[in-house]
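Computed from the coordinates by the stated procedures, all read-outs in this text should not be read as laboratory data. This is a predicted model, so every value here is computed, not measured. For neighbour counting, all protein chains shown are included, and Cβ atoms are generated from backbone atoms with ideal geometry for every residue, glycine included.
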Amino acid sequence: MALDYTQAAQEILDAIGGADNVVSAAHCATRLRLVLADDSKVNQQAVDNASGAKGNFKASGQLQVIYGTGTVNKVYDEFIALGHISAASKAEAKAAAAEQQKNPFLRAIKLLGDVFVPIIPAIVASGLLLGIMSALSFMDSNGFISLETDNAWYQIFNLVSNTAFTFLQILIGFSAAKAFGASPYLGAVMGMLLINPGLQNANTVATEGVQQTFTVIPGLYSIEWTGYQGHVIPIVIAAGILAFIEKRLHRVVPEAFDLFVTPLVSVAATAYIVMLAVGPIFVWAENAILGAIQLLLTLPLGLGSLIMGALYAPTVVTGIHQMYTTIDLGQIASYGVTYWLPLASAANIGQAGAALAVAVKTRDVKIRSLALPSSLSAFMGITEPAIFGVNLRFFKPFVAGCIGGGLGAMFASIVGLAAAGTGVTGIFGILLCLNQPVQYIIMFAIAAAVSFGLSFVLYRDAADVQAEAEQPEAAVAQAAVSAPARDEAEAAAVSAAAADAALAVVTSEPAAKATPATIVSPIRGTAIPMNQVSDPVFASEAMGGGIAIIPDEGKLYAPAGGTVIVLAETGHAVGMNTDDGTEILMHIGIDTVGLEGKPFTPHVKVGEHVTAGQLLMDIDLDYIVAQGFDTVTPVIITNTAAYDAVEPCASGPVAVGDPIVHVR
């Protein structure tokens, strides 16, 4: 009896608590993949008994219901239609699942990454230039070099170096509003508001004091009329408030008035909240923190400096570091030198070393291209690119940088390292410490080495972390499939569903004996036993017997004449039914479904008959490696149960067409 796809979809929709409980829905070749808001609403028995379902399990934050190739897509279409649910790609579903599992702190870290990663190129460019210009200016004003600054070449270069930081709040406002789901242009307006020339520039408060205040509640509450240059958190909070107001206004304001009413009310309301409450709270927090810092610096054995060296980078996140000039100036006035600047320098060097370790260790080309220039900028004293673009984004490098900075600052305090002036840290900070150059170099080495070493040990590419996290889940899922397998062929397919690429064809008929044959290599490379593959489901041969090949050429060929029965929509797997009756699955790489088809160019389609040696697919192996994925290609006999034996017969280098497996 044919499966009623509408009924099957309705049953699973009812079993999981209805459409309102669905965060994300997607499907792969065999499974419906659901991310749910509340797992307690799931009627597990109803899911187990759902029409057409071969089994189900929970892995990687998703409820995965197995229907089999050719069925799951039809059930999925009905599921989406019945629940009026927005369709999602597998990558989006996986991202939604990961988001559901994160705690609030990690969500906040991810949000900062979403805000700052898009604007990192701008602040990296400005950061590098600003570090160079600060060093040149200092060396010129102190007689180390003679620099001609009265020309257009120098002035344009100087202008470019500080532009991104001068208008940083506008960049953050645009990006943060986009991350929160508000209009990015309204977010940019909020950024402009916080650095409006009508407000006193925050960079002058340390030296000039607050020039103007306004009364909010007579005798009770007034606000300082200052801008928020260098501050990060206020504009991020402003974007969140803006998004909250704007989204709700879009729902209630009639469409005819929405265009002008919603932006006007959203911006005005957000401006009042930020200027009257959010901003003043941060001013109060800054003053309290500065007072605490002064007390910490007097602790014996450099303990206060250890604490401040470790906490310096977190204060950069809030923008409080802009106020530290008062400490430098106060110490120079009292002692003729500042003991604070070497601490700040150690902290900056710590973040630089941590970012450099990420650049050295990562296999992701994009991350390396971001981490390397960010670390160079931090070594010259401009840490925002390294903190927001790299270290805070992956968090563990950020912690490593804080530890390295703290230890470097502790050493600086113990040996009494002091600077003759302020304004330059990092590599060029030694120019302010020429009376103690050896101590500065040792401080630099401690901060850089400790942070680099810790970051190198702690940092791992996301693909590696994900693969490790999914290995035990895959093994548990294999044992926890709810519906009993009706025969050996179905058991193999259900077990296969525990892997991201479980593409074997599920059948309810007993497996018939197939014709003995010799399977040849579909790709050039090095043959290894299946049990050496890193994925536990492939290694255990739960999907079937076979062999794996580490490819050295990006071309996949048909190992025999037959019909293409599976072609993953992301291109990472091809299944064939050969003319001899052997079902072969060729899975290119481990977990490469996450690459969303970018390195794969198929030359065939499902249902097409191919001849032995026909090109099935071009593969960009370099791209797979650059993204941090394993290229090993399992060649699996998915109807292993139809044979008495599946015997690998190759080891080491193999060419296309060389025998790799005997089936009999």
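Need one word for region 160-222: rounded, prolate or oblate. Basis is the Cα gyration tensor (sqrt eigenvalues a ≥ b ≥ c); a/c below 1.5 gives rounded, then a/b vs b/c decides. In terms of gyration-tensor shape, oblate.
If the segment from Ala122 to Ala277 were pulled out straight at 0.36 nm per residue, it would be longer than the present Cα-Cα gap by 52.8 nm.
Residue ranges 46-54, 628-636, 655-663 sort as 628-636, 46-54, 655-663 when ordered by packing (mean number of other C-beta atoms within 10 Å per residue, highest first). For the pairs Lys361/Lys598; Lys178/Lys247; Lys41/Lys247; Lys54/Lys598; Lys361/Lys396; Lys555/Lys605, note any where the Cα-Cα span goes beyond 19 Å. Violating the 19 Å limit, Cα to Cα: Lys361/Lys598; Lys41/Lys247; Lys54/Lys598. The packing ranking, built from the mean of other Cβ atoms within 10 Å per residue, places the peptides 242-253, 553-564, 581-592 in the order 581-592, 553-564, 242-253, highest first. Which distance in Å, rounded to a whole number, links the C-alpha centroids of region 175-189 and region 204-238? So the two Cα centres are separated by 23 Å. Two numbers describe the Cα atoms of region 167-296: Rg and Dmax, which are 16.1, 59 Å.
Over region 167-296, what is the relative contact order in percent, taking alpha-carbon pairs closer than 8 angstrom and at least six residues apart?
24 percent
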